[in-house]
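Engineer: The structure follows.
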Amino acid sequence: MFEFLKDKKGEPPALPEGTVRRRYSIEGQVQGVGFRYRARYAAQSLELTGWVENEDDGSVTLEVQGDPVKFRKLFALIQRSDYIQITAIRQKDIAPDPWERGFSVRGY
């Protein structure tokens, strides 16, 4: 019914100047403490797109796209919880996705 939404033919939409996409692997006390939902709320409030997902090894993967100046603010908002404790972060720059809209929690 909504197959037209998956159609990525033609020219991709233009991204704002300076748009960056990063994949973060985050370790610590990050599962079972509301991390994914705080990340979604923070990303939406900062107008960032991407997704967040729990991994089988206890870490969380966060992929975020937008103005990289806002990425630091994103982590500050996420860590405002007494329960979330990040002990390690690995990051990797990846190609931006011009088709992406919104921020989602994966793996309910």
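Engineer: Yes or no: the range 8-23 includes at least one residue that is out of contact with any Cys (no Cβ under 6 Å at 6 or more places or on another chain), modelled with pLDDT of 95 or more and more than 22 Å from ALA95 (Cβ to Cβ).
Structural biologist: no
Engineer: Please verify whether GLN85 is in contact with a strand residue (DSSP E or B) (Cβ under 7 Å, 6 or more places away or on another chain), at negative phi and modelled with pLDDT of 95 or more, treating the condition exactly as stated.
Structural biologist: Criteria met by GLN85.
Engineer: Now for a separate question. Which of the strands (runs of 3 or more DSSP E) found entirely inside the range 17-108 contain at least 2 residues meeting this: surrounded by 14 or more Cβ atoms within 10 Å (Cβ to Cβ), touching a residue at least 60 places away in the same chain (Cβ under 8 Å) and not hydrophobic (A, V, I, L, M, F, W, C)?
Structural biologist: Output list reads 20-29.
The values are calculated or read from the model by the stated rules, or taken from the named source; none is laboratory data. No experiment lies behind these values; they were computed from the predicted model shown. Please note: Cβ atoms are built from the backbone with ideal geometry, for glycine as well, and neighbour counts cover all protein chains shown.
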